[in-house]
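Heads up: the structure comes next, in structure tokens.
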Amino acid sequence: MDAYRVLLLWQQDGSFIKESGLSPFAMELALGVCRRHLYLLYFIKSLVKKKPSVEVSTILEIGLFQMFFTEVPDHAAVATSVDLAKAANLHEGSARLVNAVLHAARRSGPPVLPPQRLRRVSIENSVPEWLVRRWFDVYGGDRAEALAKATLERPVEWLRVNLQKTSAPVLVQKLGLTGASILYDRFIQVPADAKLKPILESQSFANGEFSLQNPSAYEVVKLLDLKPGLKVWDACAAPGGKSALMAEMEPSLDILASDVSEFRVQKMHDVVDRLGLKNVHLECIDVLACNGGVAGVSPAEGVADAAGGRSEGEASPFDRILLDVPCSNMGVIARRPESVYRLTPESIKELSELQYKLLESAATRLAVGGIIVYATCSPDPTETTQVVNRFVKEHPEFARRGDAVLPGNLDARFDGFFAQALEYRK
């Protein structure tokens, strides 16, 4: 019932499934249905003459998902779906319809997919057709199909070890993660058969010995070329993972982590407190308010010194700035399956304009010789290379520092990020 309720809310107002507080089983069920939403709708359409209500359709999606994509026995999937239709107090006959459709699916098996490749890839992988077409145009058919298939995969979970408190081998032993692989001495890949819930309920987590984070964050942060004692601004920091990573890597850094949302800043306080990080200072800041021109102008109201001691108008430039901008999430669709249904060509274009403005504004706070890293969890050129190319062209005092990094190309277990370091050379 909980998965049904959350899936309805997602379809009605775009609520994020992972923020719903579901039990592990209900969460896997809801995310699984969301990942295969378009395919399941296509399946339903092949079985009914008249489109059912969103409530009945959601129950059918849950039933079909359990029957064809989980180990749940068919008879149990049918019975629980019929019971759900009754418990949901839907119109008379809904339970009978659910029962009939699921039994028909059991007899017929999966529907025949369209022969046209683009349409087939869209339905089979539940990626909107316009987006598949975009990927075909940008990457070619084979790469586009691989990207679409990857959205259905359950993402690999990683633990980032707080090396100020423990080591990866010790933590592997404490958590009983037999056979877990270790990367960069600080990331532990959670074995596929391990349950995440008890790991996050462990005393080690409460003590701040580790956090959940994909190693792609490390590849992004490395571009900052951090040195002891530098003043760093993580300008779009929430939920705070990269700020925490930097603080753990170099305790002498002076880090200001900010976000435009008061609520998200408060959540970051929980992260910083749990990890015991003394060199991260949190503020609610609108990056777009820093709009006085490039590097060296007066800061926007509210941008305080990272040490928390300066009043407005007195803040000094930062040696390093990390700008992980709001984006389409195209690189992490498997982790955030709702995102693919929110996107439109227009929304991507609007995002790219926002991203450019954020880059321009954040750059006004960079010291001469400093480095700003522009990052997105999307590989789409509109949000990545085109934003950077435009910025460098309009601000020739900034130059690329090395090549862009796409961690997902380095390791298939990494999230799909893009990151480019830019140096201010006055």
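Where a number appears in this text, it was derived from the coordinates with a stated rule and is not lab data. Just so you know, these numbers come straight off a predicted model, no measurement behind them. Cβ placement follows ideal geometry from the backbone for every residue including glycine, while neighbour counts extend to all protein chains displayed.
Computed quantities for the displayed model
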{"read-out": "N99 versus A412: modelled label distance in nm, points set 7 Å from Cα along the beta carbon direction", "value": "4.4 nm"}
{"read-out": "GluC sites (Glu not before Pro) lying in DSSP loop within region 101-195, provided at most 16 other Cβ fall within 10 Å", "value": "E153"}
{"read-out": "Gaussian network model of the chain, springs between alpha carbon atoms under 10 Å - residue of V272, V392, V280 with greatest fluctuation", "value": "V392"}
{"read-out": "Percent RCO, i.e. relative contact order, over region 158-212, from Cα pairs under 8 Å lying at least 6 residues apart", "value": "47 percent"}
{"read-out": "Calculated Cα extents along the principal axes in Å (choose from (1) 87, 51, 42; (2) 70, 49, 37; (3) 65, 65, 47), label", "value": "(2)"}
{"read-out": "Qualifying GluC sites (Glu not before Pro) for region 164-265 [loop in DSSP, other Cβ within 10 Å: at most 16]", "value": "E201"}
{"read-out": "Label zone at D83 (point 7 Å along Cα-to-Cβ), backbone N below 17 Å, region 28-68", "value": "29, 59-60, 62-64, 66-67"}
{"read-out": "Cα gyration tensor shape for region 34-189, rounded if a/c is under 1.5, else prolate or oblate", "value": "oblate"}
{"read-out": "Contour excess over end-to-end distance, with Cα ends at S202 and E153 and 0.36 nm allotted per residue", "value": "15.0 nm"}
{"read-out": "Length gained when the stretch T70-Q386 is fully extended (0.36 nm per residue, less Cα-Cα span)", "value": "109.6 nm"}
{"read-out": "Global geometry of region 216-424, whether rounded, prolate or oblate, following the gyration tensor of its Cα atoms and the 1.5 cut on a/c", "value": "rounded"}
{"read-out": "Relative contact order of the chain, defined on C-alpha pairs under 8 angstrom at six or more residues apart (%)", "value": "12 percent"}
{"read-out": "Estimated inter-spin distance, V54 and Y139, nm [label 7 Å along Cα→Cβ]", "value": "3.0 nm"}
{"read-out": "Karplus-derived 3J(HN,Hα), 6.51/-1.76/1.60, for each residue of region 97-112, Hz, glycine and proline x", "value": "5, 4, 4, 5, 5, 5, 5, 5, 5, 4, 6, 7, x, x, x, 6"}
{"read-out": "Sparse-neighbour loop sites [trypsin sites (Lys or Arg not before Pro); region 112-220; at most 14 other C-beta within 10 Å; DSSP]", "value": "K195"}
{"read-out": "Gyration tensor (alpha-carbon) shape descriptor, region 34-92, a/c threshold 1.5", "value": "oblate"}
{"read-out": "In range of the label at S181: residues from region 202-245 whose backbone nitrogen is under 18 Å from the point 7 Å along Cα→Cβ", "value": "213-219"}
{"read-out": "Label point distance in nm, R119-K222, each placed 7 Å from Cα along Cα→Cβ", "value": "4.5 nm"}
